[in-house]
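One structure is given below, encoded as structure tokens.
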Amino acid sequence: MYSAKVMDHFEHPRNVGEIEDASGVGTVGNAKCGDIMRIYLDIDENQIIKDVKFKTFGCGAAVATSSMATEMVKGKTVQEAMEVTNKAVMEALDGLPPVKVHCSLLAEEAIHAALWDYAQKNGITIEGLQKPKSDIHEGEEDEAEEY
């Protein structure tokens, strides 16, 4: 069901923890499944991500996508980090089952939320960055609840 890379990042996650006085912190969740992901970024004066940590409450795929996403942005510029998409995270993990694709979306949104926090704290604009959602389903209509 899961690739060897997903299992490796789940069983041996990279960059777990918190960064005190982080340059940016982003938290996103998925109310439908209960997963919550928080990403901490330490960004230097040249806008390079020197360190990144995460804390995730969720399933194995959520932990694996968090771990892989942190590996993909570490050492990158802020603008390069913007290019890390959920699709790129899934490809780096050799795929996810269809029912777990939302976990990779959480990872992308958590990175964007942390970058947004960094931009707000520093009074800067990051090209292509929009205000993040706190829940990946925010703005979607739940058809089952419409009357």
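Read the figures in this text as sums done on the coordinates, not as results from a lab. It should be emphasised that the depicted structure is a prediction, and the values quoted were computed from it without experimental measurement.
Quick notes
- Per-residue [θ]222 nm for the chain (sum of -39500 (n - 2.57) over DSSP H runs n ≥ 4, rounded to 500): -11500 deg cm²/dmol
- Entry for Cα Rg over 2.2 N^0.38 Å (calculated from the structure that is shown) out of [x] 1.07; [y] 2.03; [z] 1.01: [z]
- The number of Lys pairs in the stretch 2-120 with C-alpha atoms less than 13 Å apart, excluding pairs fewer than 8 positions apart on the same chain, is 5.
- Under the membrane-span-like helix rule (DSSP H runs whose alpha carbons stretch at least 24 Å along the helix axis, mean Kyte-Doolittle hydropathy -1.0 or higher), the chain yields 101-122.
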